1. Sorting Phe89, Phe198, Phe106 by accessible area (1.4 Å probe), largest first, what list results?
2. Residues with beta-carbon under 13 Å from that of Tyr112, excluding Tyr112: net charge, scoring Lys, Arg +1 and Asp, Glu -1?
3. For the range 48-157, compute Rh as the Kirkwood radius over C-alpha pairs and then the Stokes-Einstein diffusion coefficient at 10 °C and 1.306 mPa s; write the answer in µm²/s, rounded to an integer.
4. Along each principal axis of its Cα atoms, how long is the range 126-253 end to end? Whole angstroms, biggest number first, please.
5. Using per-residue counts of other Cβ atoms within 10 Å, averaged over each peptide, order 176-183, 222-229, 147-154, 23-30 from highest down.
6. Rounded to whole Å, give me the distance from the Cα center of the range 44-116 to that of the range 124-157.
7. Search the structure for amide H atoms under 5 Å from the amide H of Gln98, placed 1.01 Å from N in the peptide plane, and list their residues when 5 or more places away or on another chain.
8. Please report the relative contact order for the range 1-114, taking Cα pairs under 8 Å with a sequence separation of at least 6, and give it as a percent rounded to a whole number.
Amino acid sequence: MYKSLVIKVGTNVLTRPDGRLDVTNISHLVDQIALLKKNGVSLVLVSSGAVGAGMELLPSLVTEDEVARRQVFSATGQVRLMELYRQLFAGHDLVCAQVLATKGDFRDQRHYDNMYNCFRGLLGDQIVPVVNENDVVAVTELMFTDNDELAGLVARMLRVEALVILSSVDGLYDGPPEDEASALIRLVEANDKTVMEFVQEKKSSRGRGGMATKLKIATKTAREGIPVYLGNGRRPGILNALEAASWPGTIIR
Ligand code: GLU
């Protein structure tokens, strides 16, 4: 079993089709994470869903500017999201913490060192860091491509044993995922450039990421010796199957 992990959960796993937070699924994921913690795994959760949670809180926002709307949704939604995580983790006698980062924090050595030290402190005290992009200050060029990029950077910073990226699909398919004839690709070698041809351009409905960025981040992370598990965050008990033989998704190594 892996002893250290970064687990990234995308917006489509955390919200329902109508955009509201999917409390049932979030609760199920926290149950699985708590079980990993009880088994001694050191882990960091990278969670999207702030913008979605903000939209749920503020259905008739008067602010019209697109950038400001996103900032308002994320600033309010992040509170809602963390409130939920705090309560759910507390149900397992676990404490969680909020870590918000921008791309600049990974470029600035002092910010990087401060963040690293904070992670070490949190993990040393068995606290679950819940990381998200700081959407309030991260606009345009300061933005990560998506939280997959953020998760890859955190995984490489902490040199964890594996990175898990949960979305609303099982993984990489050799054709359109909705097409019954398409087969799931179970294993991808990080240096195999030909896999990019299987990537479908269509992105998930609400998250910013897509399979192309997932695969780019995953191959980069795997080349540094950290295997990446792509899986469906709505599959019951998926985090209990974190082994090459039983993983119901795509492994990049
Ligand atoms: N940071 C955004 C949020 O919390 C999500 C970014 C992404 O979709 O990767 O809503």
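The values are calculated or read from the model by the stated rules, or taken from the named source; none is laboratory data. No experiment lies behind these values; they were computed from the predicted model shown. In this analysis, Cβ positions are derived from the backbone assuming ideal geometry, glycine residues included, and neighbour counts consider all displayed protein chains. For accessibility, only protein heavy atoms count, side chains too; no ligands or nucleic acids. Shrake-Rupley method; radii C 1.70, N 1.55, O 1.52, S 1.80 Å.
1. The ordering from most to least exposed comes out as Phe198, Phe106, Phe89.
2. Net charge around Tyr112: +2.
3. The calculation lands on 107 µm²/s.
4. Largest to smallest, the principal-axis extents are 44, 33, 31 Å.
5. Answer by packing, highest mean first, reads 147-154, 222-229, 23-30, 176-183.
6. After rounding, the separation between the Cα centres reads 10 Å.
7. Excluding prolines and chain starts, which carry no amide H, the hits are Val130.
8. 25
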